[in-house]
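Just so it is clear, none of the values below were taken in a lab; they were calculated from the coordinates. In this text the structure is predicted, and so the values were computed from the model without any measurement. Every residue, glycine as well, gets a Cβ built from its backbone with ideal geometry; the counts of neighbours run over all protein chains shown.
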Ligand code: GAL
């Protein structure tokens, strides 16, 4: 072999090693609800996986429907039929541990955490959410914030209002906007997004301690303070579009862009949508603040992927987890998604203005878990709560909603 060819080969091999490229074959099915306009961040991660493990045929199986409303039902059927995907999306917290870990369906990933050095790369609080009886059961790919209020500065300017910092101010702004001809100032979407508005209202009224007490079973849902959360939420419904149940979360966001609405309470995947899909400049085309009355709190949720027992392509799935838990994986995914990396060593220079502000808040605010997105409550409660919201939307009866929620909490063993 001549010297030039040999040194070229050496440098190609070195480059391949540095890029972590391993020759691989086989297939991998990953299962999530990141389809359509929610797909770009996941696509980027899959691309990184394919560059790192060329030759693996990736089936990026997605089921449409925000917050996994449809995907979770299909996943359940598949898991019960012994047809587990190789790796699937599940929220850190009760959604993962209370459903899949307690039923002994997931592999313990503690040794992977050790070999990848992840125990010191992810915050302890996040690892705790993925842990059960000493095992760690999934790998977090992001941290999202649930309590964010979005708006378009030009719309507020046009109507002469400012972003409300408390729910009282929000209701006042609503009256002003309506008087000036805006029919439905608060953009609202389908049931799970309505639950998110209630979640922000509840954290605002009860404070982080009261919120945590609810899930620890120390504060009853029939307590007058919790009844009040439904009163305020009911007033907000009067400020929202009547066709909320017919709109998905993106359609609700669009009401801000058309100028039909002034405010939208939504998790920060909205930042991903507004920047990655709508190409809007943060702070100009859209702006944000914490949901009213919650500026000291960060309601968190984290998407994670685990390894179900009996995965058909176990080795490929483990490599997938390695990619999504890596610094590069997180920094490829999160800037497009609107979230921040779950890892503590991400390169914030690669992120937009919204995520940079979220990263600051993640460090400085009081962190609590989202009920709607599986961190604070189990799935039995969360899915039952959608019925409470549906009934409340029809009768606006706060006392009845509080009683129904308390009954649901008992049934779903909240705090036990
Ligand atoms: C959440 C999920 C986010 C985003 C959102 C809307 O449950 O954690 O990543 O996908 O649903 O679909």
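Okay, here's what the table says:
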| quantity | calculated |
| --- | --- |
| Distance from the stretch 119-194 to the stretch 59-118 (C-alpha centre basis), Å | 25 Å |
| Shape category assigned to the stretch 43-83 from the gyration tensor of Cα positions, a/c cut at 1.5 | oblate |
| For peptides 224-232, 391-399, sequence by mean Cβ density within 10 Å, most packed first | 224-232, 391-399 |
| For the chain, calculated [θ]222 nm from helices alone, where every DSSP H run of n ≥ 4 adds -39500 (n - 2.57) | -14500 deg cm²/dmol |
| Highest average packing first - 296-302, 56-62, Cβ atoms within 10 Å | 296-302, 56-62 |
| Burial ranking of peptide ranges 112-125, 165-178, 280-293, 361-374 (average Cβ count within 10 Å, highest at the top) | 361-374, 280-293, 165-178, 112-125 |
| Shape parameters for the stretch 279-338, alpha-carbon atoms, Rg then Dmax in Å | 17.3, 49 |
| Mean shadow area of the stretch 187-317 over all directions, Cα convex hull, nm² | 11.4 nm² |
| Angle in degrees between helix 327-337 and the longest Cα principal axis of the chain, rounded to the nearest 10 | 40 degrees |
| Whole-Å semi-axes of the ellipsoid equivalent to the stretch 304-392 (Cα gyration tensor, √5λ, descending) | 27, 24, 11 |
| Angle between the chain longest axis and helix 353-364 axis [Cα atoms, degrees, rounded to 10] | 80 degrees |
| Cα-based helix-to-principal-axis angle, 314-325 vs the chain, degrees rounded to 10 | 60 degrees |
| At 1.306 mPa s and 10 °C, Stokes D of the chain from Kirkwood alpha-carbon radius, µm² per second | 71 µm²/s |
